[in-house]
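Down below is the structure, laid out as structure tokens.
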């Protein structure tokens, strides 16, 4: 049986600053997140979407802007292990503990989004996918595990607005 889609999103464009955890979205980043939220809200499986974000400010802001676009605003859960340099293997282990009948949107950062996508699709974390800011990768397959998913699409904010 096919698992629900797994969506991996890079946060919107952020301003530079320090400390890294407290960087905020730029105006463009807010627009990107809003556009992707509208696009995600139009998906047929969006009604049950679980939104899970990194604890970093820019990821939390992105997740909130995405969630605001839904008719029924989904709750946003925070997952401590999806910050920029976290171990993608730990994220896969976490995914294996989650019910896969509900789509999940993970809002995180480069390089984690790239190496996690590579691990889930290719079974290797040394390959990855380039993510524009606020881009969303849709992964499909039978189980959310290393090498078990296919990259169905990678959508950028520019494409979502078309």
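To the nearest 0.05, what FRET efficiency results for residue 72 and residue 124 with a Förster distance of 35 Å applied to their C-beta separation? Working shown, then result.
On the way: r = 38 Å, r/R0 = 1.08.
Using R0 = 35 Å, I get an efficiency of 0.40.
Computed FRET efficiency, Cβ-Cβ of residue 102 and residue 18, R0 30 Å: what is it to the nearest 0.05? Present the calculation step by step, with values, prior to reporting the outcome.
Working: r = 37 Å, r/R0 = 1.22.
After rounding, the FRET efficiency stands at 0.25.
Using just the helices of the chain, give the 222 nm mean residue ellipticity in deg cm²/dmol: DSSP H runs with n ≥ 4 each add -39,500 (n - 2.57), and the total is spread over all residues, rounded to 500. All intermediate terms of the calculation are to be shown ahead of the outcome.
Details: 5 runs with 50 residues, N = 162.
Calculated at 222 nm, the ellipticity per residue is -9000 deg cm²/dmol.
Any idea what diffusion coefficient the chain gets from Stokes-Einstein, in µm²/s, Kirkwood Rh on alpha carbon pairs, 25 °C, 0.890 mPa s?
On the way: Rh = 15.3 Å.
Stokes-Einstein gives a translational diffusion coefficient of 161 µm²/s.
Can you tell me how segment 1-80 classifies by the Cα gyration tensor, rounded, prolate or oblate, using a/c under 1.5 as the rounded cut?
It comes out prolate by the Cα gyration axes.
Kindly work out what percent of the DSSP beta bridges joining two residues of the chain are antiparallel, to the nearest 5. All intermediate terms of the calculation are to be shown ahead of the outcome.
Working: 11 of 23 bridges.
Among the beta bridges of the chain, antiparallel pairing accounts for roughly 50 percent.
Using alpha-carbon positions, what is the distance between the centroids of segment 26-98 and segment 100-162, in Å?
What the calculation gives is 12 Å, centre to centre.
Bear in mind that the values in this text are calculations on the coordinates, not laboratory data. Values in this document were obtained by computation on a predicted structure and should not be read as measured data. When we count neighbours, we look across all protein chains shown, and the Cβ atoms used for this are built from the backbone with ideal geometry, even at glycine.
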